[in-house]
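Working notes, beginning with the structure itself.
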Amino acid sequence: MLAAKVVMDQGIHVEGINFFTGFCVESHTHAIRAREGGAPKRNNALWVAEQLGIRLHVIDVIEEYKQVLLHPKHGYGQHLNPCLDCKTFMVRKALAWGFMAERGFDFIVTGEVLGQRPKSQRKAAMPMIARESGADDRLLRPLCARILPPTLPEREGWVDREALFGFHGRNRKPQIELAQRLGFSEWAQPAGGCCFLTNAHYSRKLTDLWTAQGRKDYELDDIMLLKVGRHIRPAPHFKLIVSREAGENRYLEGYRKRFPSLRPTSHLGPLCLVDGQTAPSDLALAARIVARYSQGREAAAVTVAAEDPNGECRELTVAPLAPAELPPAWHV
């Protein structure tokens, strides 16, 4: 938002690009959950474009992005975040999109700040992104440009280098002060970004998925479901996805034609999808786990409906699993 505004204030036409990888928190989770701690439910890319008054292009890169995540040239960050390869990929895509003859853009702007993030914004990493993406010195970082070598837009006088900034390090206070000077009163949470791949819990679920299916791959539905509910694996051959609230319940309803499902009928409680092949004893255990998370958790018995993807249904009456019977190791 700041980088675009700083360049726009020099009379330059700017358009935004938002790449949809499938791993963004805001594009999915905010729309599902009934409760979000009072935070506004919105896609921040669309919201920022509206604040700036610019055109935003949303580009689906789900299939192409697989190779970035599954085989990162520069490895992962703390979790499964391929930040350096990811940034290079997005700049390369922006270059290919924006420099087509019918579009005719002259350079690319990003909001990167030297030293702000440990993987992709290191001193050694930032020129690597420019080089490996093919953008070279047509990649302008307005928020830290004055402590980097001049780029083509600066040398050619398209952009006034003196009106750019020299921010560096992890401190966001200079950016917040700049936002206020530019007239912004609200902005997206600056720390942590919106990528699920930087999240330890999500990365653990993705690793579990790869282990269970015996290969390092995924489909869109796989990665969407990893964002929803409690994931509990009582045995290597099956996993439960148990909703945590009404919004997740509604979302998981859409998968009942693909997975067997469980739902308490004698008490209010969660919808649960069963991922994997289960024997009758496995299904009984799954029903007890579902009962554990229902309003009948203190009851002697809870009735749970088990339905297969074809709509065939039967009922099981089970004793809810006691907390001590649910080992932490089962939680993915």
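Annotations
- In the range 211-255, of all residues being of a type in the set (Asp, Glu) and over 22 Å from TRP330 (Cβ atoms), the one that is surrounded by the most Cβ atoms within 10 Å (Cβ to Cβ) corresponds to GLU253.
- Which listed residue, of ALA130, ALA145, ALA124, is among the aliphatic types (A, V, I, L, M), under 23 Å from HIS74 (Cβ atoms) and in contact with a helix residue (DSSP H, G or I) (Cβ under 9 Å, 6 or more places away or on another chain): ALA130
A quick yes/no check of all residues on (1) modelled with pLDDT of 95 or more; (2) over 18 Å from ARG122 (Cα atoms); (3) small (Gly, Ala, Ser); (4) not assigned by TED's automatic domain parsing to the domain that holds PRO127:
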position: ASP137; (1), (2), (3), (4): yes, no, no, no
position: ARG146; (1), (2), (3), (4): yes, no, no, no
position: PRO150; (1), (2), (3), (4): yes, no, no, no
position: PRO153; (1), (2), (3), (4): yes, yes, no, no
position: ASP160; (1), (2), (3), (4): yes, yes, no, no
position: LEU164; (1), (2), (3), (4): yes, yes, no, no
position: GLY169; (1), (2), (3), (4): no, no, yes, no
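- Per-region count, the range 109-136, residues in a helix (DSSP H, G or I) and either among the hydrophobic types (A, V, I, L, M, F, W, C) or crowded, with 17+ Cβ neighbours inside 10 Å (or both): 7
- Among the strands (runs of 3 or more DSSP E) confined to the range 237-332, the ones with at least 3 residues that are outside the structural domain of ILE32 (by TED's automatic domain parsing) and more than 24 Å from GLY214 (Cα to Cα) are located at 261-264, 302-307, 313-318.
- Conditions (1) buried (at least 17 other Cβ atoms within 10 Å of the Cβ); (2) under 21 Å from GLY11 (Cα atoms); number of the one not met by LEU56: (1)
- Residue match in the range 181-193 (condition: touching a residue at least 60 places away in the same chain (Cβ under 8 Å) and part of a helix (DSSP H, G or I)): no
- Unmet requirement for PRO270, which otherwise passes all of (1) over 17 Å from ASP308 (Cβ atoms); (2) out of contact with any strand residue (DSSP E or B) (no Cβ under 8 Å at 6 or more places or on another chain): (2)
- A Cβ distance below 6 Å, combined with a sequence gap of six or more or placement on separate chains, defines the contacts here; from the range 6-17, residues that are within 19 Å of GLY98 (Cα to Cα) reach no residue that is open to solvent by 30 Å² or more (accessible area, probe 1.4 Å) and modelled with pLDDT under 95.
- Scanning the range 286-313 for residues that are open to solvent by less than 50 Å² (accessible area, probe 1.4 Å), closer than 23 Å to GLY276 by Cβ and more than 32 Å from the chain's Cα centre (by Cα) returns VAL302, VAL304, ALA305, GLY311.
- Scanning the range 90-108 for residues that are in a helix (DSSP H, G or I), open to solvent by 20 Å² or more (accessible area, probe 1.4 Å) and in contact (Cβ under 8 Å) with a residue 60 or more places away in the chain returns MET90, LYS93, TRP97.
- The residue list LEU178, LEU197, LEU140 contains one member that is open to solvent by less than 20 Å² (accessible area, probe 1.4 Å), among the hydrophobic types (A, V, I, L, M, F, W, C) and under 19 Å from HIS13 (Cα atoms), which is LEU140.
- Subset tally (residues that are in a helix (DSSP H, G or I) and surrounded by 15 or more Cβ atoms within 10 Å (Cβ to Cβ)) for the range 148-171: 4
The values are calculated or read from the model by the stated rules, or taken from the named source; none is laboratory data. Keep in mind that this is a model prediction, so the values were computed, not measured. Ideal geometry is used to build each Cβ from the backbone, glycine not excepted, and the neighbour counts take in all protein chains shown. Keep in mind that these areas ignore ligands, DNA and RNA; they rest on the heavy atoms of the full protein, side chains included. Shrake-Rupley method; radii C 1.70, N 1.55, O 1.52, S 1.80 Å.
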